[in-house]
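The values are calculated or read from the model by the stated rules, or taken from the named source; none is laboratory data. Please read all numbers here as calculations on a predicted model, not as lab measurements. Positions of Cβ are generated from backbone atoms using ideal geometry, with glycine treated the same way; all protein chains shown enter the neighbour counts. To get the accessible areas, we keep the full protein, side chains included, count just its heavy atoms, and leave off ligands, DNA and RNA. Shrake-Rupley method; radii C 1.70, N 1.55, O 1.52, S 1.80 Å.
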Amino acid sequence: MAWTLLKKLTKADIRGQAGKMTADTDARQLLRQAVQVAVSHPAPAEGWDPSLQPPEILLGILSSDIRLAVRALRDWTNALHLPFVIPKSRVEGISQITSLSGSVYIKYNAVSQQCYATGYTGKDRGVLVTFGGTLIGHLPLGLFDEGMQ
């Protein structure tokens, strides 16, 4: 059930129709539950084996500013039981992430624990999650923090 819902969201997102699946508190609660089930239960058909340590999870966080992006990263790593890593800036001439302005893309790798932030000019916002070989999203930045909605 969890994987079915997450794949349905991903397909709706590709068509630009995911808003209906994230619009209210109950819908987001179902997505939260689905993510938490998916992260802890093997899905061989999806190329996902959470018994591998560290788990093969990638996060891509697309946000309108660095503050929201880091907050989302903190919440998502906490919810997925992954170590939180402060992103490093990959923007030329800017060494501190707090100096980044405008939209950003944070990339996080649970295996290498590498995490960095770059500028982002796209229109998408949200979190992309890769479990093993399966990409899910865009999920809401504040999925695990209703205060961000």
Completion exercise
Sparse-neighbourhood loop hits (chymotrypsin sites (Phe, Trp or Tyr not before Pro), the stretch 29-118; DSSP loop; Cβ within 10 Å at most 11 others) -> none
Handout entry: the chain: Lys pairs at Cα distance under 28 angstrom, eight or more positions apart or on different chains
Key = 14
Practice task
Express in nm, to one decimal, how much length is gained between L58 and H41 on full extension, taking 0.36 nm for each residue of separation and deducting their alpha carbon distance.
Solution key: 4.5 nm
Problem - Within the chain, longest stretch free of exposed trypsin sites (Lys or Arg not before Pro) [DSSP loop, at most 12 other beta carbons within 10 Å] - result: 16-122
Practice task
Would you mind telling me which residue in L52, L80, L62 has the biggest mean-square fluctuation in a Gaussian network model of the chain, where springs connect alpha carbons within a distance under 10 angstrom?
Solution key: L52
Fill in the blank from the handout: Which residues qualify? For S89, with a placed amide H closer than 5 Å and at least 5 residues away or on another chain, they are I97, A117
Practice task
Have a look at D13, D26, D75 and tell me which one the Gaussian network model of the chain (Cα, springs below 10 Å) gives the largest fluctuation.
Solution key: D26
Handout entry: Shape of the stretch 1-85, Cα gyration tensor, a/c cut at 1.5
Key = oblate
Handout entry: Candidate values [x] 168; [y] 150; [z] 101, label of the one derived for volume of the Cα convex hull per residue in Å³
Key = [z]
Completion exercise
the stretch 12-79 accessible area per residue, 1.4 Å probe, protein heavy atoms, integer Å², reads 51 Å²
Practice task
Report, to the nearest 10°, how far helix 2-14 tilts away from the longest principal axis of the Cα atoms in the chain, using its own Cα long axis and a range of 0 to 90°.
Solution key: 50 degrees
Practice task
For N78 and Q29, compute 0.36 nm times the residue count separating them, minus their Cα-Cα distance, and round to one decimal in nm.
Solution key: 16.0 nm
Problem - By accessible area with a 1.4 Å probe, ligands and nucleic acids excluded, highest first: order of E92, E46, E56 - result: E92, E56, E46
Exercise for the section: With all protein chains present, calculate the accessible area of H138 using a 1.4 Å probe and round the result to the nearest 10 Å². Expected result: 30 Å²
Fill in the blank from the handout: Measuring from its Cα centre, the stretch 30-149 shows a charge dipole (+1 at each Lys and Arg Cβ, -1 at each Asp and Glu Cβ) which, in debye to the nearest 20, is 300 debye
Handout entry: Antiparallel content of DSSP bridges confined to the chain, in %, to 5
Key = 90 percent
Exercise for the section: Provide the gained length on full extension for the span T121 to I86, in nm with one decimal, where the gain is 0.36 nm per separating residue minus the Cα-Cα distance. Expected result: 10.4 nm
Handout entry: Accessible-area composition of the chain, carbon plus sulfur, in percent [1.4 Å probe]
Key = 53 percent
Exercise for the section: Among A23, A38, A69, determine the one that fluctuates most according to a GNM of the chain built with springs between C-alpha atoms less than 10 Å apart. Expected result: A23
